[in-house]
Protein chains: 2
Amino acid sequence: MEIALDEARLAVGRGEVPVGAVIVDGSGAVVARAGNETRLRNDPTAHAEVLAIRQAAAALGAERLSGCDLYVTLEPCAMCAGAISFARLRRLYYGADDPKGGGVAHGGRFFAQPTCHHRPDVYAGIGEAAAAELLRGFFAAKR
Amino acid sequence: MEIALDEARLAVGRGEVPVGAVIVDGSGAVVARAGNETRLRNDPTAHAEVLAIRQAAAALGAERLSGCDLYVTLEPCAMCAGAISFARLRRLYYGADDPKGGGVAHGGRFFAQPTCHHRPDVYAGIGEAAAAELLRGFFAAKR
């Protein structure tokens with residue numbers, strides 16, 4: 001999660017919402033790391049999780065990341081929850097809750113739906129304080 | 001929708017689930033068209049809708065596709081519904097319903113959630129018969 005927080009800090013420097021994500025394989029080796037790049041790339045799908053999943057799938061030459069785990073500083077949205085499920089990620093560790101935009105513990109709670117065909121094990125609140133503080137600082141500076 | 005169906009037919013030829021998508025701007029000009037490429041790209045996020053949104057955003061040099069409309073042959077999943085919302089697409093026209101994996105009229109119904117901050121106008125059942133027939137043929141051939 002420290003690496004994910006570093007990616008979130010790098011995102012701030014690019015004027016992006018500070019969210020970072022890391023994917024590790026079964027041995028704990030980092031296979032992908034990314035921060036939000038929606039502005040930099042002019043791509044509304046370029047959330048940290050989606051970028052990390054695309055990066056890991058490309059690195060491993062596989063559409064499915066079975067046995068890999070994702071660490072992300074913020075509760076994934078509906079889009080990212082869908083991507084996590086399709087990627088067959090084994091475990092999801094996330095930091096801050098996102099009552100306004102989250103799709104795991106809030107909103108459509110994708111993993112709890114019968115339309116979700118792979119559910120990772122979910123661990124919430126990992127590194128929550130640091131992740132939430134980064135987001136608070138970012139949005140306070142925007143006001 | 002005819003172009004989206006053509007993209008779905010091209011996807012079959014690549015061994016992909018036959019779903020196609022098109023984005024048109026306010027004048028009706030096609031700005032992006034894509035079919036599923038999850039296998040070809042080894043990318044679990046490469047659904048037709050996500051590829052079309054990324055293509056359109058790149059073409060228009062903007063993160064938001066306000067004023068543009070999306071045509072897709074199948075009800076979007078949770079991931080694609082999220083992407084459609086983030087892209088600020090104006091209207092969504094889709095073909096076949098997807099009770100097993102849909103995220104618009106099924107599952108978490110993302111656009112109906114308080115965590116969804118932009119809802120397109122949604123028109124279902126457009127070109128439904130042709131879209132459903134393509135999917136039925138594809139899955140029948142896989143058995």
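Since every read-out is calculated from the coordinates, none of them should be taken as a lab result. Here the structure is a predicted model, which is why all the values come from computation and not from measurement. When we count neighbours, we look across all protein chains shown, and the Cβ atoms used for this are built from the backbone with ideal geometry, even at glycine.
In percent, what relative contact order does the range B:59-107 have, based on Cα pairs under 8 Å that are 6 or more apart in sequence? Present the calculation step by step, with values, prior to reporting the outcome.
Working: 74 pairs, mean separation 21.6, N = 49.
Relative contact order here is 44 percent.
Using just the helices of chain A, give the 222 nm mean residue ellipticity in deg cm²/dmol: DSSP H runs with n ≥ 4 each add -39,500 (n - 2.57), and the total is spread over all residues, rounded to 500. Please list the in-between numbers first.
Values: 5 runs with 53 residues, N = 143.
The helix-only estimate for chain A comes to -11000 deg cm²/dmol at 222 nm.
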Given charges at beta-carbon only (K, R positive; D, E negative), |dipole| of the protein assembly as shown in Debye: 20 debye
For A:R14, label point 7 Å along C-beta direction: distances to other copies, nm: 2.5
Teacher prompt: B:A59 distances to equivalent labels in other copies, 7 Å Cα→Cβ, nm: 3.3
Dipole of the range B:1-124 [Lys/Arg +1, Asp/Glu -1 at C-beta], most positive-end residue of B:S66, B:Y93, B:V24: B:S66
Rounded to whole Hz, the Karplus (6.51, -1.76, 1.60) HN-Hα couplings of the range A:35-40, x for glycine and proline: x, 3, 9, 4, 6, 4
Rounded to the nearest 20 debye, dipole of the range B:1-124 from Cβ charges on Lys, Arg, Asp, Glu: 240 debye
Ranked B:Y123, A:Y71, criterion: other C-beta atoms within 10 Å, fewest first: B:Y123, A:Y71
Integer Hz, Karplus 6.51/-1.76/1.60 couplings in order for the range B:128-143, x for Gly and Pro: 4, 4, 5, 5, 5, 5, 4, 5, 4, x, 5, 6, 5, 5, 6, 7
5 angstrom amide H check on A:D98, placed H, neighbours 5+ away: A:E75
Nm distances between copies for A:G125, ranked from closest, using label points 7 Å along Cα→Cβ: 4.7
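Across peptide B:67-78, how many C-beta atoms of other chains are within 10 Å of each residue C-beta, on average? Can you show the working numbers first?
Details: counts 0, 0, 0, 0, 0, 0, 0, 0, 0, 1, 9, 17.
Per residue, the average neighbour count from other chains is 2.
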Neighbour net charge for A:V19 - beta-carbon separation under 9 angstrom, K R +1, D E -1: -3
Sequence-distant lysines (8 or more away, or on other chains) whose Cα lies within less than 25 Å of A:K142: A:K100
Radius 15 Å from Cβ of B:I84, net charge of other residues (Lys, Arg +1; Asp, Glu -1): 0
Rotational relation A to B, axis-closest Cβ in chain A, residue and distance rounded to whole Å: A:G108, 1
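Treat every Asp and Glu Cβ in the range B:90-137 as -1 and every Lys and Arg Cβ as +1, leave all other atoms uncharged, and give the resulting dipole magnitude about the Cα centre to the nearest 20 debye. If you can, show how the numbers build up before the last one.
Working: 6 positive and 5 negative charges, 40 e Å.
Its charge dipole is roughly 200 debye.
Could you work out the relative contact order of chain A? I mean the mean sequence separation of Cα pairs under 8 Å and 6+ apart, divided by the number of residues, in percent. Intermediate results must be reported in sequence, preceding the final value.
Numbers: 328 pairs, mean separation 29.8, N = 143.
Answer for chain A is 21 percent.
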Alpha carbon centroid spacing (whole Å) that separates the range A:17-87 from the range B:29-74: 19 Å
For the range A:1-124, share of DSSP beta bridges that run antiparallel, in % to the nearest 5: 55 percent
